[in-house]
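Chemist: Take this structure first; my questions come after.
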Amino acid sequence: MKKLSIVVPCYNEEEALGLFYPAVKKVVDELKLLTEYWFINDGSSDQTLAKLKKLHQQNPDQVHYLSFSRNFGKEAAMYAGLKAAEGDYVVIMDADLQDPPSFLPKMVALLETGDWDCVGTRRVDRTGEKKYRAWLSEGFYKLINRISDTQIVPNARDFRMMTRKMVNAVLSMKEYSRFSKGIFSWVGFKTKFLEYHNVERVAGETSWSTWQLFKYAFAGIADFSLLPLNIAVWIGSVSFISAVLGIIFVVVRHIINPSLAIVGWASVVCIILLIGGLQLLCIGIIGRYIGKIYLQVKDRPIYIVDEKA
Ligand code: UDP
Ligand code: MG
């Protein structure tokens, strides 16, 4: 019999877990598959770990958990879960029931046909979410798909079921700065997307502020595109060439007509400031990439496990 692993990143989900586990178990027990659950406690500050220990005691054969030494972020939690999972099929689910368990049988059925390596999900609307956030994320998907070679499916969730071979491919990407939406698409394989309407979380609150989402978006762009660096190179070249032409013009004019000195002092200062600003911007962009290289070169672990069961 094939085995299904369910990977659940949990950060301060004490309330949601009590609803999540029975809801998923009810659906999964109907499937003709062996099952294991991998809950990843991502440094929660509430009673999440205690809840997980209880679930493990109730069902030690199926329910397992990893507890991080601190909060490493959802990307690290997903990676740890995929690594721990042993199933032939592995599905990643949020603990807040925003990923409908009712999709699981359909996902398994699609993978069983052998035509697909992965069944993903995407939201067709964002009801219940703030307007400007939906708008920002739409802009983000347009931008990244234009400037990156890796195409990212707009509004795709991390809720996806993968075959063993795709999981192994994802695990083979050991990069420190992880942007899963890009990684899942980069590894290739045949992915079928199921669509659904947004569901609001059952309990607790989202742990993503708009600023965090913004940083996540930039990280995603920097991880999967070199265009910002190329922009820096272009801006730099254009200003350099204009400066050279400007100098030639000023020198020639001085030779032809020396009486035209010092006029335009203010505009010169403006241009100096403009170019200075552009340089700082470009150095900043380059710095972000160097920072990523630095983190990768240090080869730090993506997460640190404190407890495992
Ligand atoms: N999560 C996590 N670590 C974090 C933040 C979130 O493991 O640092 C988990 C969280 O417990 C949930 C999932 O990632 O299971 C999605 O988080 P959330 O619901 O806050 O995000 P949203 O659904 O609003 O995008
Ligand atoms: Mg959520």
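FYI, it's all coordinate maths here, none of it is from the lab. Since this is a predicted model, take the numbers as computed values, not measurements. Methodologically, a virtual Cβ is constructed for each residue, glycine included, from the backbone with ideal geometry; neighbour enumeration extends over all protein chains shown.
Chemist: Mind putting a number on the dipole of segment 26-113 about its Cα centre? Charges go on the C-beta only, +1 for Lys and Arg and -1 for Asp and Glu, and I need it in Debye to the nearest 20.
Modeler: Roughly 240 debye, rounded to the nearest 20.
Chemist: Between the DSSP loop rule and a limit of at most 16 other Cβ atoms within 10 Å, which chymotrypsin sites (Phe, Trp or Tyr not before Pro) in segment 195-293 are left?
Modeler: Loop-located and lightly packed - 208.
Chemist: Only loop residues by DSSP count here, and only those with at most 10 other Cβ atoms within 10 Å; note down the GluC sites (Glu not before Pro) in segment 30-118 that meet that.
Modeler: 30
Chemist: Report the normalised scattering of the chain as log10 I(q)/I(0) at q = 0.08 Å⁻¹, calculated by the Debye formula with identical scatterers on the alpha carbons.
Modeler: At q = 0.08 Å⁻¹ the computed log10 ratios are -0.46.
Chemist: Search the structure for amide H atoms under 5 Å from the amide H of residue 193, placed 1.01 Å from N in the peptide plane, and list their residues when 5 or more places away or on another chain.
Modeler: Amide H to amide H, under 5 Å and 5 or more residues apart or across chains, residue 193 pairs with 120.
Chemist: Once amide H atoms are placed 1.01 Å from N in the peptide plane, what residues at a sequence separation of 5 or more from residue 39, or on another chain, have their amide H within under 5 Å of its amide H?
Modeler: Hits under the 5 Å cutoff: 8, 64, 65, 66.
Chemist: What's the FRET efficiency of residue 201 with residue 29 using the Cβ-Cβ distance as r and R₀ = 22 Å, to the nearest 0.05?
Modeler: 0.40
Chemist: Let me ask you something else. Under 8 Å for C-alpha pairs, at least 6 residues apart: give me the relative contact order for segment 118-193, rounded to a whole percent.
Modeler: 48 percent
Chemist: Right, something else. Please identify, among 244, 24, 63, the residue showing maximal mean-square fluctuation in a Gaussian network model of the chain using a 10 angstrom Cα cutoff.
Modeler: Most flexible of the set in this elastic network: 244.
Chemist: Modelled label-to-label distance, residue 218 and residue 142, 7 Å Cα→beta-carbon offset: nm?
Modeler: 2.1 nm
Chemist: Let me ask another. With +1 on the Cβ of every Lys and Arg and -1 on the Cβ of every Asp and Glu, and nothing else charged, how large is the dipole of segment 177-309 about its Cα centre, in debye rounded to the nearest 20?
Modeler: About 260 debye.
Chemist: First check a/c for segment 212-309, with a ≥ b ≥ c the square roots of the eigenvalues of its C-alpha gyration tensor; if it is under 1.5, answer rounded, and if not, answer prolate when a/b is larger than b/c or oblate otherwise.
Modeler: Taking the square roots of the gyration eigenvalues as a ≥ b ≥ c, segment 212-309 is prolate.
Chemist: Along the positive direction of the dipole of the chain (beta-carbon charges: Lys, Arg +1; Asp, Glu -1; about the Cα centre), which of 34, 235, 62 reaches farthest?
Modeler: 235
Chemist: Farthest toward the dipole's positive end in the chain, which of 81, 11, 118, given Cβ charges of +1 (Lys, Arg) and -1 (Asp, Glu) about the Cα centre?
Modeler: My answer, from the dipole projection, is 118.
Chemist: In the chain, which helices (entire DSSP H runs) extend 20 Å or more along their own long axis, judged by Cα positions, while averaging at least 1.6 on the Kyte-Doolittle scale?
Modeler: Span-like helices, by this rule, are 227-256.
Chemist: Can you tell me how segment 55-98 classifies by the Cα gyration tensor, rounded, prolate or oblate, using a/c under 1.5 as the rounded cut?
Modeler: Verdict is rounded for segment 55-98.
Chemist: Using a 10 angstrom cutoff on alpha carbons, build the Gaussian network for the chain and name the most mobile of 206, 191, 150.
Modeler: Looking only at 206, 191, 150, the largest GNM fluctuation is found for 206.
Chemist: Could you list the trypsin sites (Lys or Arg not before Pro) in segment 61-156 that lie in coil according to DSSP, counting only those with at most 12 other Cβ atoms within 10 Å of their Cβ?
Modeler: Passing sites in segment 61-156 are 70, 130.
Chemist: GNM on the chain, C-alpha springs below 10 Å: top fluctuator among 84, 243, 23?
Modeler: Maximum fluctuation in the GNM of the chain, among the listed residues, is at 243.
Chemist: Lys/Arg Cβ at +1, Asp/Glu Cβ at -1, dipole of the chain taken about the Cα centre: which of 280, 90, 291 is farthest positive-ward?
Modeler: Result: 280, furthest along the dipole toward the positive end.
Chemist: Would you please give the residues with an amide H less than 5 Å from that of residue 160, counting only those at least 5 places away or on a separate chain, with H modeled from the backbone geometry?
Modeler: When sequence neighbours closer than 5 places are left aside, the close amide H contacts are 92.
Chemist: Give me the dipole magnitude in Debye, nearest 20, for the chain about the Cα centre, with unit charges on the beta carbon: positive for Lys and Arg, negative for Asp and Glu.
Modeler: 660 debye
Chemist: What does the helix-only formula give at 222 nm for the chain: each DSSP H stretch with n ≥ 4 adding -39500 (n - 2.57), the total divided by the residues, and the result rounded to the nearest 500 deg cm²/dmol?
Modeler: Computed mean residue ellipticity for the chain: -17000 deg cm²/dmol.
Chemist: Tell me whether segment 77-161 comes out rounded, prolate or oblate; compute the Cα gyration tensor, take square roots of the eigenvalues as a ≥ b ≥ c, and use a/c under 1.5 as the rounded threshold.
Modeler: Here segment 77-161 falls in the prolate category.
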